[in-house]
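Encoded as structure tokens, the structure appears first; notes follow it.
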Amino acid sequence: YPDDKFSSLIKSQAKMHDLGHAYIVFGDLDLTVFLEIYKIKTPDVLELFENPIKINHIRELISWMYLKPHSSSLKLAVLSGVENMTLEAANSLLKILEEPPAYAVLILQSSNKEKILPTILSRCQVVRQINKVNEASLSNFLESDKITQLSIKERFDYVAKIIEDENLPKIINSWEEEMRFKLLSGEDTREKLKSIIDTRRLLSTNTSVKLLLENLILKL
């Protein structure tokens, strides 16, 4: 799946005219595609790089967002390092997430999901960028699109390779993340997601790991 999930998601949503009002991106954030697609000019972009992000920063952000765009059809506000936001600031941010202006998009960037309020997460589309260092270490990882190109014998050979891999749990997690991203992009991957989740759950039982993986690999 694409290295830059956020850009791929924005491209997909632009085609479907289904842009969200708020996103939270875990990992690196590249705004190039977003700004190009929606032709947002500099006066209509606000980026905050405060540490910590305090309530007065959010109040200024909200005031700015409620002003109509200057020279674009949309306004874009970006908050980096939102894991460093004070509780007062986070509660204030909820107001703009609950009642956003129709012409405004808010993008939050963070590196630590555990420090984000669940109420904020629930109001944003969550995008987890690929950690390229971690993915690179998964030498036996294959994307589902590549797996579908394998013959049944090649798939079973692949199972024999990953069954002894110490990173098997991470490989399964990567498939899940891939399917969640595809689902968010409009592809119906619910059955595949269910198979991945069921497989991970059953791995801790006495069920044959080889059988579980072979069944899963045929469904990807």
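Any idea what the relative contact order of the chain is, in percent, if you count C-alpha pairs under 8 Å spaced at least 6 apart? Write out the running numbers ahead of the final one.
On the way: 284 pairs, mean separation 50.7, N = 220.
For the chain, the relative contact order is 23 percent.
Using the Cβ atoms and a cut-off under 13 Å, what net charge is assigned to the surroundings of residue 12, where Lys and Arg are +1 and Asp and Glu are -1? If you can, show how the numbers build up before the last one.
Details: positive: 5, 11, 15, 182; negative: 4, 18, 187.
Summing Lys/Arg as +1 and Asp/Glu as -1 gives +1.
Report, please, the projected area of the chain averaged over directions, based on the convex hull of its C-alpha atoms, in nm².
Working: hull surface 53.4 nm².
Its average projected convex-hull area is 13.4 nm².
Based on Cα coordinates alone, diagonalise the gyration tensor for the stretch 94-220, multiply each eigenvalue by 5, take square roots, and list the semi-axes in whole Å, largest first.
Result for the stretch 94-220: semi-axes of 34, 15, 14 Å.
Using only Cα atoms, tell me the angle between helix 209-219 and the longest principal axis of the chain; keep it within 0 to 90° and round to the nearest 10.
60 degrees
Could you order 208, 111 by accessible surface area, starting with the largest, using a probe radius of 1.4 Å?
Details: 208 60, 111 95 Å².
The most accessible residue leads, giving 111, 208.
For the stretch 1-109, just the Cα set please: Rg and Dmax, both in angstrom.
Cα-based Rg and Dmax for the stretch 1-109 come out at 13.6, 39 Å.
Tell me, what is the FRET efficiency for residue 91 and residue 204 to the nearest 0.05, using R0 = 45 angstrom and their Cβ-Cβ distance as r? Walk me through the intermediate numbers first.
Details: r = 39 Å, r/R0 = 0.86.
So the FRET efficiency works out to roughly 0.70.
Largest first, how would 158, 103, 66 line up by accessible area (1.4 Å probe)?
Working: 158 15, 103 45, 66 105 Å².
Order by accessible area, largest first: 66, 103, 158.
Go through 15/219; 15/194; 39/113; 54/170; 15/75 and tell me which ones have a Cα-Cα distance over 24 Å in this structure. Before the final figure, lay out the partial values.
Working: 15/219 28 Å; 15/194 27 Å; 39/113 30 Å; 54/170 36 Å; 15/75 19 Å.
In this structure, 15/219; 15/194; 39/113; 54/170 lie more than 24 Å apart at Cα.
The values are calculated or read from the model by the stated rules, or taken from the named source; none is laboratory data. These figures come from a predicted structure and were not determined experimentally. Virtual Cβ from ideal backbone geometry, glycine too; neighbours counted across all protein chains shown. These accessible areas exclude ligands, DNA and RNA; they are computed on the full protein's heavy atoms, side chains included. Shrake-Rupley method; radii C 1.70, N 1.55, O 1.52, S 1.80 Å.
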